[in-house]
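Before any comments, here is the structure.
The values are calculated or read from the model by the stated rules, or taken from the named source; none is laboratory data. Remember, it's a predicted structure, so these values are computed and weren't measured experimentally. FYI the Cβ positions are ideal-geometry reconstructions off the backbone, even for glycines, and counts take in every protein chain you see. Side chains are part of the model used for accessible areas, which takes the heavy atoms of the whole protein and leaves out ligands, DNA and RNA. Shrake-Rupley method; radii C 1.70, N 1.55, O 1.52, S 1.80 Å.
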Amino acid sequence: MYRIGPISRKSNFHLREKFLIVLVLLTLCLLCFGGIFLLPDNLGGDRVLRVYKHFQKAGPEMFIPAPPLAAHAPKDADPHFIGDRQKLQAKIKEELGEILDKPMLQQRQPDAGYDGEEMGVGDDGQQQQQGVAPPLNGEGPPPEIVGTAGKGQHANNEDAAARMENNNLPVGKIAGLQINPNANADPDPKVEEKRQKVKEMMQHAWDNYKLYAWGKNELRPLSQRPHSGSIFGTYDLGATIIDGLDTLYLMGLEKEYQEGRDWIERKFSLDNVSADLSVFETNIRFVGGMLTLYAFTGDNLYKEKAQHVADKLLPAFQTPTGIPYALVNTRTGASRNYGWASGGSSILSEAGTLHCEFVYLSDITGNPLYRERVQTIRQVLKEIEKPKGLYPNFINPKTGKWGQMHMSLGALGDSYYEYLLKAWLQSGQVDEEAREMFDEAMVAINEHMIRTSPGGLTYVSDLKFDHLEHKMDHLACFAGGLFALAANTRQNQHANKFMELGKGLTNTCHESYTRTPTKLGPEAFRFSDAAEARALKSQEKYYILRPETMESYFVLWRLTHDQKYRDWGWEAVQALETYCRTNHGYSGIKNVYQESPQKDDVQQSFFLAETLKYLYLLFSDDTLLPLDEWIFNTEAHPLPIRGANAFYRAAPPAQTQADENR
């Protein structure tokens, strides 16, 4: 049998082969030398060393499976989970660097649009940085203009009115909104105790998001991991950070606020997001959140980020009518509508809930484009014929014609009507077109869609092809506050009826809460001979930490000071603590009618942006964000009222003209 013998140890290379080997070795040496010493600094030796160290640290975690749980040990006590928590905290600290240790007064950048000087002299004669928000704890020099004279909201200067011109717009040097948590406390210590409880809830929600889902969109508190199935998908857009940051600011949570601000500066961008994002959701959460933070602080970072996001949404407006598509790929600009939306129609609430943000963005940047885009939408909706004076929920962006004859003050319609009223308020009550359209729509809704149950409960029903469904969405519970705000801001022939409707609808939404064992309201509730203000279908019985009822409690409290609204809000706080709080954040529940409901394992970003903000304001003094100086966008991000609020921060006329010429 033929056997292959061992390979000889002796190698006989020819001269040419030896030359090739030497040449290859010299080439490798040259490449290594050039890569370390000759390439730019960001690829230099220090960079290589740091990359090596990262791999060195990550190596064991990448290639060695995680150890199993300690036998019978809860997660909070298990050493492996404690180790994970410590690693994540260390990662956040490393990512944020030394910024967390710096005073906030040194962190925030002034708005160069207001003053080219870095330092100025305040009213107290001391040198201070202009356009920079003071520390959240109220220490340090007060801002030069901190509110409207006579409000008592802040340490107002007597000459504030003299420094307002051009329709009372602020000019010159404007510092940030000063937040002193003790200054806006209710005089009643029991009420302040409730406010501090809401603040603790915010701290609990934020800390666990930071611990288990930092930079991701939302948290799964039971699973202790990010929620990748949110409306923003798997991209790390930090939805909870951007949505919750103004709530942190209002509560005076300085360290947490600074963590979020630094993440936005370092990480947030839509440049590489190749996914279809909701134009509506991206606007109200991202653009709205950034605009509020800009109004609060004057920090140019937020204005630039808001404009960055809005620019990514603009391709969706490229339709024959100017009515935007619902979805846009922020990388390619490709836009489309939902397939289920009445033959490729756009949705009324989504197309109509851009106005407040885009108008304000035009005013602070000096770029009229954003205002023009939403004004086009306004004109289409104004001029189109409306059946019975009502707006159907679907409109075709190509033809400008209505889709299905389905009208709602809840899902698919809700915030369009909200923005008509608030656009008028935001303009300093100058945008009469918006107010007229609002009044006409509300009168039609009152006539055709609002009913009273046999038990005396006022509700707003969906109308489908002239058929009332006798169902009210939880989403429609904001309408109580909306009607009351409309009544309070203009005394006309509709005011008394609007206030009556506001109180009645808010009471009905409260009843939908109190008629459940959990004292939390269902997603939708019906009215019939068999039941009132009660969900009948399984898909209507869940509660996902929604804010609309709390919003109406807050608005009605501010306008009436009726104690029941604070009592109802406190009932909701107790219910949230009992049924939605977990060891690692807050979760929605799947059936509000069960004594021990199953949790859905999602901490929605709007829980931090809206639900907790409205509850905190409910138990705060009226001087914190007074309703005649601020409106709230539909994600509860406060926007200043033009002419009534020194923090409107409109771009100087010279900048506006320069942008138009460009």
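Numbers below:
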read-out	value
Any hit, region 513-523, residues being part of a helix (DSSP H, G or I) and at negative phi	yes
Criterion: surrounded by fewer than 18 Cβ atoms within 10 Å (Cβ to Cβ), assigned to a helix (DSSP H, G or I) and not aromatic (Phe, Trp, Tyr) - qualifying residue of 312, 255, 305	255
Looking only at region 538-552, and only at residues there that are open to solvent by less than 40 Å² (accessible area, probe 1.4 Å) and either within 15 Å of the chain's Cα centre (by Cα) or among the charged types (D, E, K, R) (or both), the one that is farthest from residue 515 (Cα to Cα)	551
Residue ID - farthest from residue 630 (Cα to Cα), chosen from residues in region 356-383 that are aliphatic (A, V, I, L, M) and open to solvent by 30 Å² or more (accessible area, probe 1.4 Å)	380
Residue 494 vs. criteria more than 17 Å from residue 529 (Cβ to Cβ), open to solvent by less than 70 Å² (accessible area, probe 1.4 Å) and modelled with pLDDT of 95 or more	yes
Residues located in region 264-282, provided they are under 15 Å from residue 243 (Cα atoms) and open to solvent by less than 10 Å² (accessible area, probe 1.4 Å)	264, 268, 282
Residue match in region 564-573 (condition: β-branched (Val, Ile, Thr), within 23 Å of the chain's Cα centre (by Cα) and not in a helix (DSSP H, G or I))	no
Test: residue in region 388-404 that is under 20 Å from residue 443 (Cα atoms), open to solvent by 50 Å² or more (accessible area, probe 1.4 Å) and over 25 Å from the mean Cα position of the chain (by Cα)	yes
Selection status of residue 601, among the charged types (D, E, K, R) and more than 21 Å from the chain's Cα centre (by Cα)	no
Selection from region 426-436 of residues that are open to solvent by 10 Å² or more (accessible area, probe 1.4 Å) and not charged (D, E, K, R)	427, 428, 429, 430
Residue within region 437-458 that is of a type in the set (Ser, Thr, Tyr) and within 29 Å of the chain's Cα centre (by Cα) present	no
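Conditions (1) within 30 Å of residue 368 (Cβ to Cβ); (2) under 18 Å from the mean Cα position of the chain (by Cα), marked per residue:
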| residue | (1), (2) |
| --- | --- |
| 209 | no, yes |
| 217 | no, yes |
| 257 | no, yes |
| 260 | no, yes |
| 267 | no, yes |
| 271 | yes, no |
| 293 | yes, yes |
| 305 | yes, yes |
| 312 | yes, yes |
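Conditions tested, residue by residue: (1) of a type in the set (D, E, K, R); (2) at pLDDT 95 or above; (3) under 30 Å from residue 486 (Cα atoms).
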position: 584; (1), (2), (3): no, yes, no
position: 592; (1), (2), (3): no, yes, no
position: 601; (1), (2), (3): yes, yes, no
position: 614; (1), (2), (3): no, yes, yes
position: 628; (1), (2), (3): yes, yes, yes
position: 658; (1), (2), (3): no, no, no
